1. Look at ARG553 and say whether it is without any contact (Cβ under 8 Å) to a residue 40 or more places away in the chain, of a type in the set (D, E, K, R) and closer than 25 Å to ARG724 by Cα.
2. With ASN644, ASN636 as the choices, which residue is under 40 Å from the mean Cα position of the chain (by Cα), on the phi < 0 side of the Ramachandran plot and open to solvent by 80 Å² or more (accessible area, probe 1.4 Å)?
3. If I filter region 363-394 down to residues being closer than 22 Å to PRO167 by Cα and of a type in the set (S, T, N, Q), which single residue comes out as most open to solvent (accessible area, probe 1.4 Å)?
4. Please tell me if LEU357 is of a type in the set (A, V, I, L, M) and in contact (Cβ under 8 Å) with a residue 12 or more places away in the chain.
5. Take the conditions in a loop (DSSP other than H, G, I, E, B), touching a His at 6+ places or on another chain (Cβ under 6 Å) and modelled with pLDDT of 95 or more and apply them to PRO674. Does it pass?
6. Name the residue that is modelled with the lowest pLDDT, counting only residues in region 546-594 that are β-branched (Val, Ile, Thr) and open to solvent by 10 Å² or more (accessible area, probe 1.4 Å).
Amino acid sequence: MTAGSPHPVFEPRRPALLAAALFAVWPIALSLPMLRGLWLASPWSDQYTAGYPFQAWSAEWWKRLGHMPTWNPEIFGGMPFVGSGSGDVFYPTWLLRLVISTPAAGNVSFFVHYILAGLFMYLLLRRLGVSWAGAVVGGIAYELSGLIASYPSPGHDGKLFASTMLPLACLGLVLAVRDGRRSGHAVLAVAVALSILGHFQLTYYSLIAAALFALCLAFDPERRLPTNVLIARLAGAMAAVLLGFGIAAVQLLPFFGYIPLSPRAQGYQGFAGSVSFAIPWEHVLEFFLKNFVGARDGYWGSNPLKLHSEYLGLPVVALAVIGAQVRERRRLVAWLGGIALLFLLVSLGGATPFYRLWWALMPLVKKTRAPGMAFFVVAFVTALFAALGTDRALAGGRRATNRSFMIAGAVVAALALLGVFGQMAIALATGMSAQLGNRAGIASTQQNAILAGALTSGAALFCTGLALELGARGQMRRFAGIAVALIVGLDLWINARPFWSYTEPYGKDAVTERVAQTRLPYRVLNLPEAYPGSALMVFNVPQVLGYHGNELRTYDDLLGGKNEWRNLGVLPLWDLLAVHYVVVPAGMRGGDSLPGFHRLLSGVPVTGGMPVNLFERTAPVRYATVVPAAIKADSNQIIPTLLNPRMDYSRLVLFTPDQAVFPAPVPQLPSPSPSRASVADWIPGAMRIVLEPPPPLPSYLLVAENWHPSWRATVDGAAAQVLRGDYTLLTIPVPAGAHSVQLAFQSRADRVGGWLSIASLLVLAGLVASTFRRERVSVA
């Protein structure tokens, strides 16, 4: 029983085991379609359009190369694979893809982390002195909180991984800073490393929250520490955080090295871009009532789209309110309440003046968007308060609170049945800009969903109060806590169900089988999204576009702007990019014939069921070209020149002024070089190109692959320059008589990051071994 409580509180014989079982019940119920071989993804999910392609492609090439591929030639003309931030490519569960299918590995990753999120929260709460029932309620409230439980809908497994690690990081801080245990350093380092390997932006938020929590622990007046001990413990915690950064360096260093070359180099489209996908004010009522603003096609709010939920759980919020009033923990509550308020303001973005200050002062924030994702910290604090509230409610003597829960739940249910919340939604939607479309019409169609959400939320709060009241009366005194945990879990599970969508994993079709017969390298132009996102990567088929979000900025500029691709219709540009195939949705206007291409397949259904036409170039595609001359031109003039129909890419290459090359004067446009370039060997990030016959004069080898400073070249075994020609493409000066050019992507950031991660893992192993030996000796 809890010390000082008038009634016994249920404490099982194997508390952690039973708690883990309760945390597993809800993910199991949500994961049953996995047993039929279905994949936790949907056509609107990032798993469908990017996660599966990135993971399947990298696993296949890992098996071929014996290491993670560092260059991705499959989308957007090529980009660093690790450096560009291609998902959680070094997160430990990625290794599952080497032994089981990528969809199955993704299913397992989601399933396991929901259990871990609840379990880590439970362990933290127990360490903070919360009862078993309170800790279970807190664990369930966190793992199934709307934002976290709905991660499968947008396919954000990396966000789930990072969210899972926040309570583990706080547990490490309790052990290290408050209790002075060395094991806390290892726990903290692991939590930080896994969070970074999961999602950078969520790690940013987690580290700020954890730092504030560490200060709360360090300056506890009831546990005053000598100054030297306090400094040592905080320094130890900081060292553990740095060790976590070191472990994750294999992914972190390449990413930060790549930012200057990415679309986010100058920030994410200013303040307006950074506050995009924040939480608007009309979402706030959904913190308490399911379905209020809806999701996907049923979303009527002011964001462009919404694939998730922000429901905290009405019973959870009610318990959290009680927990925030626990006098003996008022200092902890004040600190955590401040953290929750901070991240609530962050998640609201431009809806309050605060974010302007945050955006101006905080490092790296200008390079981010979607501050609404910071709401997971609010969910964390709310779940912790709910655990404290559960303890307080179960301690007895709070009959008025129990009755207020029942009355409030009944009132919410009654208002739902009267349609009050539905009419509120229509009123809010009506006041929105006409540019957003008929939002009021969408809200009108969602009346039943809004009613059901509010009704079940109210019913859950009523049942929570009833369970506590019966416990106080003695009818179910020992099991009131577990009843509350089950009610909270059921309420949140009902909310989570629509966000766990399944589909069949996609596979080969007539188009991919035909295209894959062609010897690489070449590219496919997928118009317009006949295949979803980067799906062709699964079949090792490079394409002109794809789905990523952080491709090379120069490539975006060449094609006419990110996500606009205004220049994509310029057919000569297809020559420059080595387009050999074009996939066009059947029936698309102008899609029956293409100049310079002949139709191979007609009306063939592909992934997603869309019928398409497949076109192949009539003449062989040129992936590499020997160009006899070059000039330097103003950066603003190069792209317009390349788009000019009279521009002959085989006779002249254009350099920006920053390129360290000094071409010979070009008094008149020369004839094309008699030398022909052919690719003799090719794998991602390495190629050998043969020049036959050798060029009679000094020339330039123009390759239809994006330039990056980590490319290295040799010409007949001698080191050569690697330049950025025609605004974004690899260009190598070759002397007269050159026979072959060898190109390799050799990223120093990848290499240094890998060695730093290995060294950090060795330090972690030593820390764990010394901690085990020390604690074993102290126990003996």
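The values are calculated or read from the model by the stated rules, or taken from the named source; none is laboratory data. Every value quoted in this text rests on a predicted model; they were computed, and no experiment measured them. In this analysis, Cβ positions are derived from the backbone assuming ideal geometry, glycine residues included, and neighbour counts consider all displayed protein chains. The area values use the complete protein model at the heavy-atom level, side chains included, leaving out ligands, DNA and RNA. Shrake-Rupley method; radii C 1.70, N 1.55, O 1.52, S 1.80 Å.
1. no
2. None of the others qualify; the one that does is ASN636.
3. Only one residue tops the list, namely THR382.
4. no
5. no
6. Result: VAL570.
Here is a yes/no grid of residues against (1) of a type in the set (D, E, K, R); (2) under 24 Å from ALA21 (Cα atoms); (3) open to solvent by less than 10 Å² (accessible area, probe 1.4 Å); (4) touching a Pro at 6+ places or on another chain (Cβ under 7 Å):
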{"position": "LEU144", "(1), (2), (3), (4)": "no, yes, yes, no"}
{"position": "SER150", "(1), (2), (3), (4)": "no, yes, yes, no"}
{"position": "LYS159", "(1), (2), (3), (4)": "yes, yes, no, no"}
{"position": "SER163", "(1), (2), (3), (4)": "no, yes, yes, no"}
{"position": "ASP179", "(1), (2), (3), (4)": "yes, no, no, no"}
{"position": "LEU188", "(1), (2), (3), (4)": "no, no, yes, no"}
{"position": "ALA191", "(1), (2), (3), (4)": "no, yes, yes, no"}
{"position": "SER195", "(1), (2), (3), (4)": "no, no, yes, no"}
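Condition check ((1) over 23 Å from VAL488 (Cβ atoms); (2) out of contact with any Asp or Glu (no Cβ under 6 Å at 6 or more places or on another chain); (3) at pLDDT 95 or above; (4) among the small types (Gly, Ala, Ser)) across all residues:
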position: ASP297; (1), (2), (3), (4): yes, yes, no, no
position: PRO304; (1), (2), (3), (4): yes, yes, no, no
position: SER309; (1), (2), (3), (4): no, yes, yes, yes
position: LEU312; (1), (2), (3), (4): no, yes, yes, no
position: VAL317; (1), (2), (3), (4): no, yes, yes, no
position: VAL326; (1), (2), (3), (4): no, yes, no, no
position: ARG330; (1), (2), (3), (4): yes, yes, no, no
